Every structure is written in structure tokens, then in C-alpha cells.
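Shown next, in C-alpha cells, is the structure this report addresses.
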Amino acid sequence: MRMLRWFCGHTRRDRVRNEVIRDRVGVAPIEEKLTQHRLRWFGHVQRRPPEALVRNGVLERVDNVKRGRGRPKLTWDESVKKDLKDWNIYKEIALDRSAWRLAINVPEP
């Protein structure tokens, strides 16, 4: 946001909202871009062969480890599942790269 404000010639002191500056510059919301990148990586992992380390679960969290008190931390798998549900995308589409790219694309305004 600091760079976008600099492009527009505004400072924080001008009290111009972030949405106004993003619309003026023509940048998509950051939350949607983060979701897009997370889903892009998910598609890459899904297209890997089953014997790949990322795919077969070697790099996943071990379930028999004692977790701390309080609310459990949000895992990458849970965030991807939530993103897929929010965007109404099926994970089977990830096997077709061109269809997956069209499904997760966030257009610039």
C-alpha cells in the first residue's frame, strides 16, 4: 500500500482509504491475490506424481504430536479447503492446468 500511495501522491496523513487508492491504480484486492496464489500452488501439488514427497504426505504435519492449549493453528490444508468452498471450485479441476488457471484467475480491475 505504501508504494501505491506513493504512485498516487498521497500520504497516510491525507486519510485516503485503501480501496480508493487500489481502484485508482487498478490493483485487485490483496486477499483475493493471496487466495489465488495459494490455490495455484495447490494445483501444482495436485498435478505432481503420487510418489512425489509433497504429494504422498511426507511433508505433512504428524498427527500424533501433542498440540498446545487453545485454538489450533490454521493449517494450509484447512485454508485451501475453505478457499475452494468459498470460490465454488472442485479440486478435480486442478488436474487440467488450463481449466484450473481459468478457475482461480483474479482479474485486475
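Computed from the coordinates by the stated procedures, all read-outs in this text should not be read as laboratory data. Please read all numbers here as calculations on a predicted model, not as lab measurements. Virtual Cβ from ideal backbone geometry, glycine too; neighbours counted across all protein chains shown.
Quick notes on this structure:
- Lys, Arg +1 and Asp, Glu -1 on Cβ, resulting dipole of the chain about Cα centre, debye, nearest 20: 600
- Phi angles of the stretch 35-45 translate, via the Karplus equation with coefficients 6.51, -1.76, 1.60 and θ = phi - 60°, into HN-Hα couplings of 5, 4, 5, 5, 6, 5, 5, 4, x, 4, 5 Hz per residue; Gly and Pro are given as x.
- Packing-based ranking of 6-13, 27-34 yields 27-34, 6-13, ordered from highest to lowest mean Cβ neighbour count within 10 Å.
- Length gained on full extension, Gln46 to Trp87: 13.0 nm, using 0.36 nm per residue less the C-alpha separation.
- Computed over the chain, the per-residue total of -39500 (n - 2.57) for DSSP H runs of n ≥ 4 gives a 222 nm mean residue ellipticity of -14000 deg cm²/dmol, rounded to 500.
- Of all aspartates and glutamates in the structure, the ones whose alpha carbon falls short of 17 Å from that of Lys85, not counting any fewer than 8 places away in one chain, are Glu31, Glu32, Asp77.
- 3J(HN,Hα) along the stretch 81-97, derived from phi through the Karplus expression 6.51 cos²θ - 1.76 cosθ + 1.60 where θ = phi - 60°, amounts to 4, 5, 5, 4, 5, 5, 8, 6, 10, 8, 6, 5, 5, 4, 6, 9, 4 Hz, with x in place of Gly and Pro.
- For the stretch 70-109, the orientation-averaged shadow of the C-alpha convex hull comes to 4.0 nm² (one quarter of the hull surface).
- Here the contact order of the chain, divided by its residue count and restricted to Cα pairs under 8 Å and six or more residues apart, works out to 36 percent.
- Among the listed values (1) 58; (2) 50; (3) 69, the one computed from these coordinates for percent of Cα pairs over 16 Å apart is (3).
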